[in-house]
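Student: Below is one structure. I have some questions about it.
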Amino acid sequence: VAIRITRVQERGVVCKLFHGLHSRNVVKSLALHQVDFTGCDNGLLLQQMLLSPSFINLSLQNCTIDESMLECVARGLENPNKALRLSFIWCNLTDSYLNAFAGAIPHSSSLRELNICYASSITSMSLPTIAQLIHTQTNMQSLELMWNGALFDCDNCTQLDPFLDALKNNVSLRRLGLKCYAMSNVPVSGIFQTLEKNQTLQQLILRGNDEFSIHGSWVDSIPKLRGLRDVDLPDRLWQDPNWFSLFSALHQNTTIVQYREGFAGKITEDPALVPFLQRNKLLAHTQNLVEGQEIIGVNLWPHALHRLGSNESNDGSPIFELLRCMATEVCSTFGDSGVGRREENESGHFLC
């Protein structure tokens, strides 16, 4: 069963709940909201529950925790043959608490996914601790770090280097979420340059980072990435005057098959139209566009299509360039067969 417990502050009640749940050994997922873990033997009971063969998910949201409780949770992850997801959201995590957790967790534990979100007291001093977790947790496949204080406020700090070294040598992580930080070009550049060596990470999420800009220090690494398949960047980058260098770098990459840019949404929902991400295909993966004699899978932004068909001047705007290039390629590929046709609207823009 999956159980959610919320707003239980009396320690005696929490102990009774955990005793009852553990004795039945049927809990698969446990979500705790506003629960006080200080005192009593809550940590030990939670440790025993984590060791249960059926238990796979623990989510702590806005809970009051301490070092002893975290050490108990860490020791409950000792079975490497399990696959467990652990989330700390809005909890009172600090640098010292996180360090205690990392020091107690066994190497190659059952931890497969770790989410640490909205821990406002965490600073860049925790980056070496995160690096330790990446290094020791050789079964961990997903690491989500979102809105955690000043974790990446480290333009000139030495704490960033251990994190990058651990990421470079890691072979288990498939997903890294670094959403919503005031991250500058320095850590972003370090991450992309590190991924030139790491060929196993498949998804990188940087959406919501409002400080870094399009710069050669990280954009130049994109064509060299050989493992990344899904990258999620801030939507505001399309407003950057150097947006075309990012456009070109993504075009040169041969492995990324999904590109998302935050709020603006996907350029297309259909994998048959993966924009500017197939080698030698600027915008359309044309061999998958036609089934029989009909073009299929075209599902672009309605707003963008409206603008393209209007009398507004769109020359030079990113979305206009994307649509114009795709129309040109599709028409040049299929126009002679009568499948596609090319014409101009009143604004002189090519339509297909």
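The values are calculated or read from the model by the stated rules, or taken from the named source; none is laboratory data. On a predicted model such as this, the values are computed, not experimentally measured, just so you know. Note that we place each Cβ from the backbone using ideal geometry, even for glycine, and neighbour counts take in every protein chain shown. With ligands, DNA and RNA removed, areas are computed over all heavy atoms of the protein, side chains included. Shrake-Rupley method; radii C 1.70, N 1.55, O 1.52, S 1.80 Å.
Student: Expressed in nm to one decimal, what extension gain is obtained for the pair residue 51 and residue 255 from 0.36 nm per residue of sequence separation less their Cα-Cα distance?
Tutor: Gain on stretching residue 51 to residue 255: 69.6 nm.
Student: Convex hull volume of the Cα atoms in region 145-192, per residue, in Å³?
Tutor: Measuring per residue, one finds 75 Å³ for the Cα hull of region 145-192.
Student: Take residue 220 and residue 28, extend 7 Å from each Cα along the Cα→Cβ direction, and tell me the distance between the two endpoints in nm.
Tutor: Inter-label distance under the simple model: 5.1 nm.
Student: Follow-up. Restricting attention to the alpha-carbon atoms of region 97-224, what are Rg (one decimal) and Dmax (integer), both in Å?
Tutor: 13.7, 40
Student: Okay, next question. From the cross-link list 82/197; 16/82; 82/179; 28/168, which pairs have alpha carbons spaced over 32 Å apart?
Tutor: 28/168
Student: Label residue 230 and residue 68 with points 7 Å out from Cα along Cα→Cβ: what is the distance between them in nm?
Tutor: 4.1
Student: Which value in nm describes the separation of the simple spin-label points at residue 8 and residue 155, placed 7 Å from the Cα toward the beta carbon?
Tutor: 4.8
Student: Sorted by accessible area (1.4 Å probe), largest first, how do 78, 67 line up?
Tutor: From most exposed to least exposed: 78, 67.
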